[in-house]
Amino acid sequence: MRLALPLLLLATPAWAGWQTYSGKAHAPEDGRLLYVEQHLQRFDGDSLRERWVIYRCPDGLPFARKRIDYAPSPVAPAFVLEDGRDGYREGLRWQDDGVELFAYDPAGDGERRARLAAAAELVADAGFDEFIRREWDRLLAGETVTLRFAIPARGQALAFRVRHQGRVDIDARPAELFRLRLGGMLGWIAPHIDVAYTRDGRRLRRYEGLSNLRDGQGRQWMARIDFPDTPTAVTQAEVERARREPLRTCG
């Protein structure tokens, strides 16, 4: 099952316009580069409005793309992910009476859809990052925080628990480590996901666990994804070029 948290965002001070950063996804077992995530995000002051993620092969060619719209909710944003290698597509749409999850697999029987109520504890895609920052004080105080994470491929939202695991060092800088597990008995058998954030600025530095992307055999990648300490500015023209690149198949 597709049970990964998509890649999260970097906290930032007040900003107007676009900024960018890239995360490198490596295989945990041998360290080989699996892919690179190029994030393009648009801020209006302190508010994140829009994000594009371009997934690139190790040689730099784009093979998948995701658009995230934070206007409906900062923790459960609308999004669409499309994979140019096989045509797979999934996402979340907001509607008047809740949300609709959708997933299209070319090998299946068309687009599958499921409706969910817009509950306060619903979290989706990169909204998990905002959720971590919102619950930061409770987590560092030792509380276990619960949420329901929307998974389009399953057509449902599953219950997860998040706990603080302590402090780690990344590139000689301290970071706070948090672990995400499925609730109930599944939490003991399903893979967990670890995310590490800087204490100052609460910026994501590392993600370890199931990726939201699949390998050539249709299996979800296990990945360790490292992010830079700070993003950089990028022009509107550069954003347009990146998000209009045709998707390819990796060699």
For this session: Find how many whole Å separate the alpha carbon centroid of the range 212-251 from the alpha carbon centroid of the range 72-118.
Result: 19
Exercise. Asp59 label point, 7 Å along Cα→Cβ, cut-off 18 Å on backbone N: hits in the range 196-212?
Worked result: none
Exercise. How much mean residue ellipticity at 222 nm does the chain get from its helices, if each DSSP H run of length 4 or more adds -39500 (n - 2.57) and you divide by all residues, to the nearest 500 deg cm²/dmol?
Worked result: -2000 deg cm²/dmol
Problem set entry | Three-way shape call for the range 59-142 based on the alpha-carbon gyration tensor, with the a/c threshold at 1.5 | oblate
For this session: With r as the distance between the Cβ atoms of Trp94 and Leu247 and R0 = 25 Å, compute the FRET efficiency 1/(1 + (r/R0)^6) and round to 0.05.
Result: 0.50
Seminar exercise, completed: Among Gln38, Gln19, Gln236, the residue with the largest mean-square fluctuation in a Gaussian network model of the chain built from Cα contacts under 10 Å is Gln236
Exercise. Which of Leu48, Leu33, Leu92 moves the most in a Gaussian network model of the chain with Cα springs under 10 Å?
Worked result: Leu33
Exercise. Pick from Phe227, Phe160, Phe149: which residue has the top mean-square fluctuation in a GNM of the chain where Cα pairs under 10 Å get a spring?
Worked result: Phe160
Problem set entry | the chain, dipole about Cα centre (Lys/Arg Cβ +1, Asp/Glu Cβ -1), debye to the nearest 20 | 220
For this session: Between beta-carbons, use under 13 Å as the cut-off and find the net charge around Thr144, counting Lys and Arg +1, Asp and Glu -1.
Result: +3
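The numbers here are math on the coordinates, done by the rules we state, and not lab data. Note that the structure is a prediction, hence the values are computed from the model and not measured. Glycine gets a Cβ as well: all are built from the backbone with ideal geometry, and neighbour counts include every protein chain shown.
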